[in-house]
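Asker: Would you mind keeping the following structure in view while I ask a few things?
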Amino acid sequence: MIRLKINGQLQTLNVEPRVTLLDALRENLGLTGSKKGCDRGQCGACTVLIDGQRVYSCLTLAIMQEGKEITTIEGLATGDNLHPVQAAFIDNDGFQCGYCTPGQICASVALLDEVKNGSVSYVTPDLTSAPQLASLSEAEIKERLSGNLCRCSAYNGIVAAVQQASGQNPPSPAASNLGTEVS
Amino acid sequence: MNNFAYVRANSVEDAVSRASQDSNVMYIAGGTNLVDRMKGFLDEPSQLVDVSRLAMKKIERTQEGGLKIGALVTNTDLAGCAEVRSNYPMLSRSILAGASQQIRNMATVGGNLMQRTRCPYYYDTAFACNKRQPNTGCPAATGINRTHAILGASESCVAVNPSDMCVALAALDAEVKVRGVAGERQIPFVDFHRLPGNTPNRDTNLEPGELITAVILPPVSFAKSGVYLKLRDRASYAFALISVAAALELSGEQIKNARVALGGVAHKPWRATEAEEFLKGKRADKSTFSQAAEIALKDAKPLAHNQFKVKLSKRAISRALSVSARGGGVV
């Protein structure tokens, strides 16, 4: 028997050591928001937060996460009030089929915290000067979200959602580049 | 994956004694590579010893003025450490160039050193592989080998080491602290990983049961000029086709000291020592850099599909050295 703290609730599970956190969430606890895309740490659909940090739940064993605070997509909203990042994904059409969305949203929630805490990325020009949320560039957002794939390619909307959640003014979804392509 | 017994080690001694009793016991920490390999039946341990809760998570200053990095420091924490960002930027950038934020949050320094090749033939159990099972053959040598080695390979194996961080650690003359039943020892970074020879099943010179406890970074006065250039098939979240870690110490226009290491070209992080020696005393200009690049690649033996890596490596070395000569930054 193992005990996991998920979305603030302590859960007791009877799982073998080989069961991943993702499978424990989906198969044992009915938390099917976290998605199984590749199951090999390549797509990001299974992204959850452990002690506030984003991780791939398919690449860790459930038994190794005893005593940690696990947050899944189901734990982000407060009752019927969406998390600001969830609302931003809706406002900016940050998805099409929706399969990668729980992972994209969990990753984006963590991304905002990382920037608030002064983290740098491979594309940060000066490693001693971390970017701020208000001026976080598109290149920074794309680099920081590269661990989440979207096969519908809703990336423009996803980047816009992160911009909105960062307090920036993203371009309106109505002003997509479709118009310029057609003309 | 197959099932296994799981135990949580309560001390380094406890972990080492458990792993030294049985060759089917493996350590697990971040698990980002091992869990993936177990899913593919590449590793089938009888027992996993979870070392992730041991007290090896600190980055401390050494008496010599370098850093002692605990084996369980996450890739994220090492890349983000203020001292590493300002004094060893090549190390920060190499880590940030690797994997994704989710993986870097879980992956540890010790685990990064222990990750295995992403050669697709090694990963696919439908194929023979001398690394997976000695003396079965190497289909990569005659197969699709676009991503494979151009330096130091053997008839047995043409796989490359996938790590970015290790390229910087090789360039910085790091050392690896390990603990076994016989006690503690320290291995120079360039001697930690092995060339394939006829034993490609062995990636490192660790003895059975030995556990990495720390990586020691010596002070490198000119490491602030260090850069890391990674070239890959897509802009992010992909393994390197080739990569370069480089740093220069200049006195006016003249090169006093140089470090050059390559990733994605060999079975281990490839330190280009002959090119480094050539650079010493020369003028820091384009012609010097391209001559050094020629020297670094002079023994290259490309395969059918990776000839492009030779030219790509040479140009990357020149570019990395040029940026380092200007003081470093994004390459």
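The values are calculated or read from the model by the stated rules, or taken from the named source; none is laboratory data. Bear in mind that the values here come from a model prediction, so they are computed numbers and not experimental data. Every residue, glycine as well, gets a Cβ built from its backbone with ideal geometry; the counts of neighbours run over all protein chains shown. In case anyone asks, the SASA skips ligands and DNA or RNA and just uses the protein heavy atoms, side chains included. Shrake-Rupley method; radii C 1.70, N 1.55, O 1.52, S 1.80 Å.
Asker: I'd like the antiparallel share, as a percent to the nearest 5, of DSSP beta bridges with both residues in chain B.
Answerer: 80 percent
Asker: Which value in nm describes the separation of the simple spin-label points at B:VAL330 and B:SER251, placed 7 Å from the Cα toward the beta carbon?
Answerer: Simple spin-label model gives 3.5 nm for this pair.
Asker: So, one more: Rounded to the nearest 20 Debye, what is the dipole magnitude of chain B about its Cα centre when Lys and Arg each give +1 and Asp and Glu each give -1 at the C-beta?
Answerer: 1040 debye
Asker: Assign one of three labels to chain A, namely rounded, prolate or oblate, based on the Cα gyration tensor with a ≥ b ≥ c the square roots of its eigenvalues; rounded applies when a/c is under 1.5, prolate when it is not and a/b is larger than b/c, and oblate otherwise.
Answerer: prolate
Asker: State which stretch of chain B is the longest one without any exposed GluC sites (Glu not before Pro), exposure meaning a DSSP loop state and at most 13 other Cβ atoms within 10 Å.
Answerer: B:156-252
Asker: Residues with amide H under 5 Å of A:SER34's amide H, sequence separation 5 or more or different chain, H placed in the peptide plane at 1.01 Å from N; which?
Answerer: For A:SER34, the qualifying residues are A:ILE73.
Asker: Another one. Specify the residue with the greatest mean-square fluctuation among A:VAL48, A:VAL120, A:VAL85, computed from a Gaussian network of chain A linking alpha-carbon atoms under 10 Å apart.
Answerer: In this elastic network of chain A, the residue with the biggest mean-square fluctuation among A:VAL48, A:VAL120, A:VAL85 is A:VAL120.
Asker: With no solvent and one equal point scatterer placed on each C-alpha of region A:2-75, evaluate the Debye formula and give log10 I(q)/I(0) for q = 0.11, 0.23, 0.28 Å⁻¹, two decimals.
Answerer: Result of the Debye calculation: -0.21, -1.00, -1.56.
Asker: Continuing with this model, one more query. Nearest 100 Å², what total accessible surface is buried between chain A and chain B (probe 1.4 Å)?
Answerer: 3400 Å²
Asker: Calculate one ³J(HN,Hα) per residue across region B:150-166 by plugging θ = phi - 60° into the Karplus curve 6.51 cos²θ - 1.76 cosθ + 1.60, and present them in order as whole Hz with x for glycine and proline.
Answerer: 10, 10, x, 7, 9, 5, 6, 7, 10, 6, 10, 6, x, 6, 8, 3, 5
Asker: What are the semi-axes of the equivalent ellipsoid for the protein assembly as shown, taken as the square roots of 5 times the Cα gyration tensor eigenvalues, largest first, in whole Å?
Answerer: Equivalent-ellipsoid dimensions as semi-axes: 35, 30, 22 Å.
Asker: Taking 0.36 nm per intervening residue step and subtracting the Cα-Cα distance, what contour gain separates B:ASP14 from B:GLU294 on full extension?
Answerer: 95.9 nm
Asker: Pick out which of A:ALA134, A:ALA160, A:ALA24 has the largest mean-square fluctuation in a Gaussian network model of chain A, springs linking Cα atoms closer than 10 Å.
Answerer: Sorting by GNM fluctuation, first place goes to A:ALA134.
Asker: Need the C-alpha centroid separation for region B:153-211 versus region B:229-300, integer Å.
Answerer: A separation of 21 Å, based on Cα centres.
Asker: Pick from A:SER108, A:SER57, A:SER146: which residue has the top mean-square fluctuation in a GNM of chain A where Cα pairs under 10 Å get a spring?
Answerer: Looking only at A:SER108, A:SER57, A:SER146, the largest GNM fluctuation is found for A:SER146.
Asker: Find, among the chymotrypsin sites (Phe, Trp or Tyr not before Pro) in region B:1-56, those assigned to loop by DSSP (not H, G, I, E, B) with at most 15 other beta-carbon atoms within 10 angstrom.
Answerer: The qualifying sites are B:PHE41.
Asker: On to the next question. Mind giving me the FRET efficiency for B:ARG118 and B:HIS305? R0 is 22 Å, r the Cβ-Cβ distance, nearest 0.05 is fine.
Answerer: It comes out at approximately 0.90.
Asker: Can you give me the Cα centroid spacing of region B:85-101 and region A:23-72 in angstrom?
Answerer: 26 Å
Asker: Can you pull the Kirkwood radius for region A:84-173, inverse mean 1/r over Cα pairs, to one decimal in Å?
Answerer: Over region A:84-173, the inverse of the mean reciprocal pair distance is 13.0 Å.
Asker: What is the set of long-range amide H partners of B:CYS119 at a cut-off below 5 Å, with H atoms built 1.01 Å from backbone N?
Answerer: Distant-sequence amide H within range of B:CYS119: B:VAL160.
Asker: What do you get for trypsin sites (Lys or Arg not before Pro) in region B:162-266 restricted to DSSP loop and a cutoff of at most 12 other Cβ within 10 Å of the site's Cβ?
Answerer: B:ARG234
Asker: Test of understanding: extend the Cα→C-beta vector of B:THR273 to 7 Å, then name every residue of region B:118-154 with backbone N under 20 Å from that spot.
Answerer: Answer for this model: B:150-154.
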